[in-house]
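The values are calculated or read from the model by the stated rules, or taken from the named source; none is laboratory data. If you're wondering where the values come from, they're calculated on a predicted model, not measured in any experiment. Here the Cβ is made from the backbone with ideal geometry for all residues, glycine too, and neighbour counts use every protein chain on show.
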């Protein structure tokens, strides 16, 4: 009995399809592993980004508190300067009043003898 060429061709085609199916299954498994790793990396990147953003927020908050303290100190200095300026104005006016009083008294005494 001679071998049927169609059966031989069918057997070879079936074997080739089975090998292709095995390759496709390995490629699918490899792709799935690649996607899983990419998801893990994305999660890690997201986690690191959130940690950096939290650190950035903490630094901005600390900077804002420092600015608030500087503004408060400058405000206190401004009030102190205004108060000291007012005192200087009062002392200046007292000196002028004293000088006017002395000049007025000298006018009443008249010219110095001699």
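Regarding residue 92, is this residue surrounded by 10 or more Cβ atoms within 10 Å (Cβ to Cβ), out of contact with any helix residue (DSSP H, G or I) (no Cβ under 9 Å at 6 or more places or on another chain), modelled with pLDDT under 95 and outside any loop (DSSP other than H, G, I, E, B)? Judged against the criteria, residue 92 is not a match. Please pick out the residue among 41, 58 that is at negative phi and either in contact with a helix residue (DSSP H, G or I) (Cβ under 8 Å, 6 or more places away or on another chain) or modelled with pLDDT under 95 (or both). Selected residue: 41, the only one of 41, 58 that is at negative phi and either in contact with a helix residue (DSSP H, G or I) (Cβ under 8 Å, 6 or more places away or on another chain) or modelled with pLDDT under 95 (or both).
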